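Worksheet: the structure to be examined is printed underneath.
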Amino acid sequence: MWLSKFKELKLCLKAGRVTLPYPLAPGETMKGFRGRPVLNGDLCLGCGACAAVCPPRTIFVIDEQDTRTIQVDYSRCTYCARCEEVCPVGSITLNNEFELATTNKNDMKLSATLSMAKCKNCGTPFTTQRMLAKLTDDYYPEWMQVKVDPPEWFSICPDCRKKLEASRLKGGSKIV
Amino acid sequence: MSTGHELLNQIETKFPGAVKVDSVTERVAFLSVCDEQLVALADFLANQMNARFVMEIGTDKRPVNQKYELSYIFCLDQEGFEISLKVMVDENKLEVPSITPVIPGAGWAEREVYDMLGIVAVNHPDPRRLVLADDWPEDLFPMRKDFEHDNRPPAAEVKKIMKEPDGNATVVSVGPFFPTLEEPAYFRLFVEGEKVVGCDYRGFFSHRGIEKLADKVLDYNQVPFMAERICGICGFVHSCSYCQAVEMAAEIEVPARARYIRTIMLELERIHSHLLWIGLAGHIIGFDTVLMQSWRVREPVMWLCEQITGNRKTYGMNLVGGVRRDIPEDLHPKILETLDKIESESRTIIDAIIKDKPLLMRLQGVGTLSREDGRKLCVVGPTARASGLETDIRVKYPYAAYGELDMKAAFQTGGDVLARTLVRAEELFTAIDLVRQALQKMPEGPIMAEFSDIPPYREGISLIEAPRGESLHYVLTGPDNRPYRWSVRAPTYAQLQAIPDMLSRSTVADFPLIVASIDPCFSCTERVETVDRSSHTIKTYRREELLQQLQNKYRGGERS
Ligand code: SF4
Ligand code: SF4
């Protein structure tokens, strides 16, 4: 018995002190750590892909008259980084901060507000201007070098497109 | 001839025309049976074919075919074969004969089905409520499809359902916050002097209805993140098991590299889970050196997981079809180095435990569960293996990459707390070895399968050997990009039933250690979201079946 106790003592002494000095010294995180979400409003397209995949459903797409707001309430965030994974432009990312305690719940809200593009036909806002611009850019990439006007239906809302297409099939005017 | 066909032939000879075969593969048979034949067939499977009852899952299929469906899942462990017996219950009848009289381990499952769907198990020896709160209204059944996930009914009258002791035993209450595991669980021990003569159990205090959320709100790829939060220790088990169930239902072939990565993560999880348990067991018996040292050794595994997945717990790695992050080549040396260090340090600790006589005296002969009782009570995982039952899902029903790796299940015959400790110690080293093998054999290639839509109304069953035992996930796919039904049975659900048996020869002082020796995870059993307590607290396990067993045994019910 004494021998085993002696061995245990040796084990403890050999290990020494392992407690980290945190919080006196900063806590380190590994590369690739999934911490606080940040939203870059300059990049966000307002596509809503992040809101669709977020497991706790804590990203909201709020459509108002002429604007769309993407709001992330990360008080409920699970730090899964699915939003980062699906975002087409890298506007939502998770950084390595983990000390997120706050006394004000609103500190945990991020938002980006974007202007909406209106349907040329009926005037209803149907997507964000940035989204439309990106589609237009992607449709006529720079390497084509010739500036061509985007097809007219780009700026028509899906509802009107359906109606116009139906009337075209019936022999009405054609949309380009 | 395959096991499946042989078995079906036997059933057909014994019960001509009783069973309709819905589908059968190498590994699993889905059978339909009418309710009159159910008890006889269950009896035949469990008591003659040696099948182990795993779980009963109730589904409200009324929107599709005006019926409720009950699936009774059995496992033939020797052959590695799963059987699902399906019984249709008419929406106006709401009754099915109880199989608990022939399979005591089914008691909790049948009570849960009543709570959730309102289907009565006729002849159930103890038809008390199991899962729902004591003040839940009588006539509301939350897993019915017409019950909304955010419905909050007003509280009804509180019913007292706990049992009173027979004779003049004294009641000792432990809980509702379990003292050593710091989790909600309420045991009523009936004691005569120092001796425990019986007990009753009430759990499910943290039942929060995640299964409901999955069939009303979340989609296929959101569920893994919630599944992961069922357990604060072995979360990867649950997300992986859920994904495997969907993959089986949708016949998605997971790329080999993803299967290896899953295996590595599962084994890393087992390493840190077992080290955590060893520390905890030390703590409970007042030997805190073990706690300090094994948790110290465990820490590098957590860091390693953080490096691989982006977090020390809740890895968020699994999606249906594969995994999200690769384990790059340049991490391999670091992983191997950490494993070497853990291996040598754990050996020192385990040597110290095994040679410490006073410690051995505290563990030996405590909470003994015989092989036969273990089999009857359907225990799983290290608890079963410590009683000499060779059940290891990794060997018998290989999943992920286990079929391609070389492993032997650890097992002991003592059946006591010491045996359970030794099994876990050995498994720790097996796990280290498995990670090494997997790293070496891991093929190149994609980590996510390509697939189109998941077809509706297909069933998938996935078993995983979690650190605490076998974990079952059942998925019935649905039409709106989400499971129609997702059901989870965590390992503690099975283990807790064995507690009365282990307690029956013990004293009050041994009670915390015995309960801890099954490595219980109360909250998992309740399928709740537990707080991530990986760094500083205790594991939790599930407990559903305990009630049933306790009552059978100690409340004058039939003891099997
Ligand atoms: S990290 Fe996950 S939980 Fe958090 S906002 Fe992004 S998708 Fe939602
Ligand atoms: S953050 Fe990314 S995914 Fe979310 S709306 Fe903006 S562009 Fe789309």
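Each Lys and Arg Cβ is given +1 and each Asp and Glu Cβ -1; about its Cα centre, chain B then shows a dipole of about 880 debye.
Given DSSP loops and a limit of at most 15 other Cβ atoms within 10 Å, what is the longest stretch of chain B that contains no such GluC sites (Glu not before Pro)?
No qualifying site falls inside B:254-389, the longest such stretch.
Mean projected area of the convex hull spanned by the Cα atoms of the protein assembly as shown, taken over all viewing directions: 38.5 nm². Measuring nothing but protein heavy atoms, the accessible surface of segment B:210-526 at 1.4 Å probe radius is 52 percent carbon and sulfur.
Taking 7 Å steps out from each Cα toward its Cβ at residue A:120 and residue A:28 produces label points 5.8 nm apart.
Give the relative contact order (percent, whole number) for chain B; include only Cα pairs under 8 Å separated by 6+ residues.
RCO, chain B: 17 percent.
Surface analysis of segment A:25-91 yields an accessible area of 46 Å² per residue, using protein heavy atoms and a 1.4 Å probe. Under 5 Å between amide hydrogens, built in the peptide plane, is the criterion, and for residue A:116 it picks out A:67, A:68, A:129 among residues at least 5 positions away or on other chains. Compactness ratio for segment B:17-78: Cα radius of gyration over 2.2 N^0.38 Å (N = residue count) comes to 1.19.
Segment B:402-438: which trypsin sites (Lys or Arg not before Pro) are DSSP loop and have at most 11 other beta-carbon atoms within 10 angstrom?
The qualifying sites are B:408.
Treating each Cα of chain A as an identical point scatterer and ignoring solvent, apply the Debye formula and state log10 I(q)/I(0) at q = 0.08, 0.09, 0.11 Å⁻¹. Debye curve over Cα of chain A, log10 I(q)/I(0) at q = 0.08, 0.09, 0.11 Å⁻¹: -0.45, -0.53, -0.68. When all alpha carbon pairs of chain B are counted in 20 Å bins from zero, the resulting P(r) reads 22, 58, 20, 0 %.
Using the Cβ of residue A:40 as centre and a radius below 13 Å, the other residues enclosed give a net charge of -1, where K and R count +1 and D and E count -1.
Counting charges near residue B:136 (Lys, Arg +1; Asp, Glu -1) among other residues having Cβ under 12 Å from its Cβ returns a value of -3. Rolling a 1.4 angstrom probe over the protein heavy atoms with all chains in place gives chain B an accessible area of 35 Å² per residue. In order along segment B:130-140, phi translates into HN-Hα couplings of 10, 9, 6, 5, 5, 9, 6, x, 3, 9, 10 Hz, rounded to whole numbers, per the Karplus curve 6.51 cos²θ - 1.76 cosθ + 1.60 with θ = phi - 60° and x for Gly and Pro. Rounded to the nearest Hz, the phi-derived 3J(HN,Hα) couplings of segment B:372-380 under the Karplus curve 6.51 cos²θ - 1.76 cosθ + 1.60 (θ = phi - 60°) are 4, 5, x, 5, 4, 7, 6, 5, 9, where x marks glycine and proline. Near residue B:323: Cβ cut-off under 10 Å, other residues only, Lys/Arg at +1 and Asp/Glu at -1. The net charge is +4. From largest to smallest, the equivalent ellipsoid semi-axes obtained for segment B:186-322 from the alpha-carbon gyration tensor read 33, 24, 12 Å.
Calculated [222 nm] ellipticity per residue, helices only, for chain B: -12000 deg cm²/dmol; basis is -39500 (n - 2.57) per DSSP H run with n ≥ 4, divided by all residues, nearest 500.
With a 1.4 angstrom probe, the accessible area lost at the A-B interface totals about 2300 Å².
Translational diffusion coefficient of segment B:210-526 (Stokes-Einstein, Kirkwood radius from Cα pairs, 4 °C, 1.567 mPa s): 65 µm²/s.
Scaled against 2.2 N^0.38 Å for its residue count N, the alpha carbon radius of gyration of segment B:39-133 is 1.07.
The values are calculated or read from the model by the stated rules, or taken from the named source; none is laboratory data. Please read all numbers here as calculations on a predicted model, not as lab measurements. For neighbour counting, all protein chains shown are included, and Cβ atoms are generated from backbone atoms with ideal geometry for every residue, glycine included. Note: areas computed on protein heavy atoms with side chains; ligands, DNA, RNA excluded. Shrake-Rupley method; radii C 1.70, N 1.55, O 1.52, S 1.80 Å.
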